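As structure tokens, the structure follows; a few thoughts come after it.
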Amino acid sequence: MKLKVLVVDDSQTIRKIVRTNLERIGINNILEVSDGESALRTLSANPDINLMFIDYNMPVMNGLVAVKKIRENKAYDQLKIIVISSAFDPSLMGNFEKLNVAGFIAKPFDLQKFNSTVAPILETPVEAVGAGVQKGVPKEDVIRLFSTEKPDINMNGKFVEFDFKNEKIKLEVDVISRYGSVYVELGD
């Protein structure tokens, strides 16, 4: 299946992380927007989008309202939707499940969770989806975040979490030690 993906999140860092991981598994036709209203306009202008990642908590129009509006339109019946959010609770998940979403990824997410959620949707073995190892966060995002505020840093087992006011970054400790940095320089 030829995929065209829409990533909807008000966090530029999360959009970049999702994009980078998708590109590492060979998905390059990716659009990005920062709120639910923009997602509706983008879907309308690009009817060939067949996979969408959407955050719940966003300005202008949250993810739940956007998904409800999307599901009201029969033209999007085949659109697979993955919800990415830090605001999961049983009732919220239930509301999204009623709208036939394909999966959930809790933020901050690790790449194993991302890959295991995406693999069945892509009908690809998890090992193949995980073949592109996340080496870090794009350098420009690290500079943007760390130059404006100091995060709380938490060690959680084999993960390091950088908790900024509005964004979180979660990386495996061995990724940081292997590459000597939180960031990775992404080439074309």
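Some observations on this one:
- Selection from segment 105-156 of residues that are at pLDDT 65 or above and in a loop (DSSP other than H, G, I, E, B): K107, P108, F109, D110, E123, E149, K150, P151
To keep it simple, each residue is scored yes or no on (1) in contact (Cβ under 8 Å) with a residue 40 or more places away in the chain; (2) closer than 19 Å to L3 by Cα.
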site	(1), (2)
N73	no, no
D77	no, yes
K80	yes, yes
V83	no, yes
S86	yes, no
L92	no, no
K113	no, no
S116	no, yes
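- Residue within segment 13-33 that is at pLDDT below 85, more than 30 Å from T148 (Cα to Cα) and within 15 Å of the chain's Cα centre (by Cα) present: yes
- Those residues of segment 76-89 which are over 16 Å from V18 (Cα atoms) and either at pLDDT 80 or above or in contact with a Lys or Arg (Cβ under 7 Å, 6 or more places away or on another chain) (or both), in sequence order: Y76, D77, Q78, L79
- Subset of segment 1-48 [touching a Leu at 6+ places or on another chain (Cβ under 9 Å) and under 19 Å from K74 (Cα atoms)]: K4, V5, L6, G36, A39, T42, L43, N46
- For segment 1-49, a residue qualifies if it is of a type in the set (S, T, N, Q), surrounded by fewer than 17 Cβ atoms within 10 Å (Cβ to Cβ) and not in a helix (DSSP H, G or I), and the qualifying residues are N28, N29, N46.
- Applying the criterion of being out of contact with any Asp or Glu (no Cβ under 6 Å at 6 or more places or on another chain) and in a strand (DSSP E or B) to the residues of segment 71-104, the residue that is surrounded by the most Cβ atoms within 10 Å (Cβ to Cβ) is V83.
- Residue within segment 41-54 that is charged (D, E, K, R), out of contact with any Pro (no Cβ under 7 Å at 6 or more places or on another chain), outside the structural domain of K170 (by TED's automatic domain parsing) and over 21 Å from K4 (Cβ atoms) present: no
The values are calculated or read from the model by the stated rules, or taken from the named source; none is laboratory data. Note that the structure is predicted; figures quoted are calculated from it, not measured. With ideal geometry, Cβ positions are generated from the backbone for all residues, glycine too; neighbour counts draw on all protein chains shown.
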